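**Q** If you scroll down you'll find the structure; I have some questions about it.
The numbers here are math on the coordinates, done by the rules we state, and not lab data. Small disclaimer: the values here were computed from a predicted structure and weren't measured. Positions of Cβ are backbone-derived with ideal geometry, glycine not excepted, and every protein chain shown enters the neighbour counts.
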Amino acid sequence: MATAAAVIPPLNQRPVKNTIVLFDVDDTLTIPRNPASPEMLQLLSELRHRVAIGYVGGSDLSKQQEQLGTTDVDVRSMFDFCFPENGLSAYRMGEKLESASFIGWIGEEKYKALVKWILRYIADLDLPVMRGTFIEFRNGMINVSPVGRNATNPERLAFNAFDNEHHIREKMVTDIKAAFPDYGLTYSIGGQISFDVFPTGWDKTYCLRHVEAEKDRAGGVEYTTIHFFGDKAYEGGNDWEIYSDPRTVGHKVKNPQDTYQQIKELFF
């Protein structure tokens, strides 16, 4: 990927014109919290020679580096556009773009009230296991995990199965909405163990403003075709808004293997 990235055509010289392909991360390019396969990385490198590519995920850059990058290669050199935290943090060709702040938007007092409520709620849950980091503060959102983000992979799988049966996350989201009806927040369930909380409108469609801004750059590209691949492409899933947005061509996938096959069929 590092060698390929050094010789890719400029954005305005990609063979498939005015087209960008965006990907969700977990269960689309990788198994959650696991690295992408060498085959997937190779295919993405080949795709990048044809069209502009980018990813948009809820996690922060460090987690995406673990999953998509390598010890020798920065993930920001492997994609034309990197959109951690739904694009609230953003990178174009390795260059950091303007970011947005959740804490600046909501204010400290409202934020503290929300966090205290969530921690009390989780304390009263009866789950098979509970680990650490129940709330992870990110630049543009918070991520809430009833089981805790320090859960091991087997514990994640076990919680996900428990959640599928008992709807822990779904009920918790319903209860938060009732407790804070005037906060202007959106709650998006994704991955295996958590859900994101962010200002309404700061979902994955947020990254599209960076894509649309490309046409205003000197020698920039107007992306008239924006493909998006994601697994949580259903109402309430964290890919739904961008998948169903009229500006995108949505592709629902089952897992990274399905993504791989769909890319091959569509672009090669």
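**Q** Just tell me which lysines come within less than 20 Å, Cα to Cα, of Lys63; anything on the same chain fewer than 8 places away is out.
**A** Filter leaves Lys96, Lys204, Lys232.
**Q** Please name which of Phe137, Val253, Pro181 has its Cα lying farthest along the dipole of the stretch 128-268 towards the positive end, using unit charges on Cβ (Lys, Arg +1; Asp, Glu -1) and the Cα centre as origin.
**A** Checked the options; the winner is Phe137.
**Q** To continue, here is another question. What is the log10 of I(q)/I(0) for the stretch 102-199, computed with the Debye formula using one identical point scatterer on each Cα and no solvent, at q = 0.20, 0.24 Å⁻¹?
**A** Per q value, in the given order, log10 I(q)/I(0) is -0.98, -1.38.
**Q** If you place +1 on the Cβ of every Lys and Arg and -1 on the Cβ of every Asp and Glu, how big does the dipole about the Cα centre of the stretch 32-148 come out, in debye to the nearest 20?
**A** Dipole size: approximately 220 debye.
**Q** Report, in degrees rounded to the nearest 10, the 0 to 90 angle that the Cα long axis of helix 108-123 makes with the longest principal axis of the chain.
**A** 70
**Q** Quick one: dipole size for the stretch 1-80, taken about the Cα centre, charges +1 on Lys/Arg Cβ and -1 on Asp/Glu Cβ, in debye to the nearest 20.
**A** 360
**Q** Please give the helix 256-267 orientation as an angle from the longest Cα principal axis of the chain, in degrees from 0 to 90, rounded to the nearest 10.
**A** 30
**Q** Then there's this: Assuming 0.36 nm per residue, please report the length gained on full extension of the stretch Asp74 to Leu157 beyond their Cα-Cα distance.
**A** Stretched fully, the Asp74-Leu157 segment lengthens by 27.0 nm.
**Q** Then there is this: Report the full-extension gain for the segment Arg209 to Glu265: residue separation times 0.36 nm, less the Cα-Cα distance, to one decimal in nm.
**A** 17.3 nm
**Q** Let me have the relative contact order for the chain, percent, based on Cα pairs under 8 Å that are six or more residues apart.
**A** Normalised by residue count, the contact order of the chain is 21 percent.
**Q** With springs connecting C-alpha atoms under 10 Å apart, model the chain as a Gaussian network and identify which of Asp26, Asp216, Asp203 has the largest mean-square fluctuation.
**A** Asp216
**Q** Return the distance in nm (one decimal) between the two label points of a simple spin-label model at Thr225 and Glu66, each offset 7 Å from Cα along Cα→Cβ.
**A** Placing both labels 7 Å along Cα→Cβ, they lie 3.6 nm apart.
**Q** Taking 0.36 nm per residue of separation and subtracting the Cα-Cα distance, what length does fully extending Arg217 through Gln42 add?
**A** Stretched out fully, the Arg217 to Gln42 stretch lengthens by 60.1 nm.
**Q** Mind checking the angle between helix 168-179 and the chain's longest principal axis? C-alpha axes, 0 to 90 degrees, to the nearest 10.
**A** The two axes meet at around 70 degrees.
**Q** Just to be sure I understand: of the beta bridges DSSP finds with both ends in the chain, what percent are antiparallel, rounded to 5?
**A** In the chain, approximately 45 percent of DSSP beta bridges are antiparallel ones.
**Q** Order of Glu85, Glu109, Glu66, Glu222 from fewest to most other C-beta atoms within 10 Å?
**A** Glu109, Glu222, Glu66, Glu85
**Q** Could you check which residue among Arg138, Arg76, Arg247 shows the biggest mean-square fluctuation in a GNM of the chain with a 10 Å Cα cutoff?
**A** Looking only at Arg138, Arg76, Arg247, the biggest GNM fluctuation is shown by Arg247.
**Q** I need the Debye-formula profile for the stretch 1-142: one equal scatterer per C-alpha, no solvent, reported as log10 I(q)/I(0) at q = 0.12 1/Å, two decimals.
**A** Rounded to two decimals, the profile gives -0.59.
**Q** Another one. Points 7 angstrom from Cα along the Cβ direction at Asn139 and Glu95: gap in nanometres?
**A** In this crude spin-label approximation the distance works out to 1.6 nm.
**Q** Using a Förster distance of 45 angstrom, determine the FRET efficiency expected from the C-beta separation of Glu108 and Lys254, and round it to 0.05.
**A** 0.60
**Q** While we're looking at this one, here's another question. Quick one: what are the phi-derived ³J(HN,Hα) couplings along the stretch 139-152, Karplus 6.51/-1.76/1.60 with θ = phi - 60°, whole Hz, x for glycine and proline?
**A** 4, x, 5, 10, 10, 10, 10, x, 8, x, 6, 7, 4, 6
**Q** Additional query: Please check: in the Gaussian network model of the chain (C-alpha springs, under 10 Å), which one of Asp27, Asp182, Asp258 has the largest mean-square fluctuation.
**A** Residue with maximal mean-square fluctuation among Asp27, Asp182, Asp258: Asp182.
**Q** Let me ask something additional. Which value, in debye to the nearest 20, gives the size of the charge dipole of the chain about its Cα centre, when Lys and Arg are +1 and Asp and Glu are -1 at the Cβ?
**A** Once rounded to the nearest 20, the dipole reads 320 debye.
**Q** Helix-derived [θ] at 222 nm for the chain: sum -39500 (n - 2.57) over DSSP H runs of at least 4, divide by residue count, nearest 500?
**A** Here the helix-only value at 222 nm equals -10000 deg cm²/dmol.
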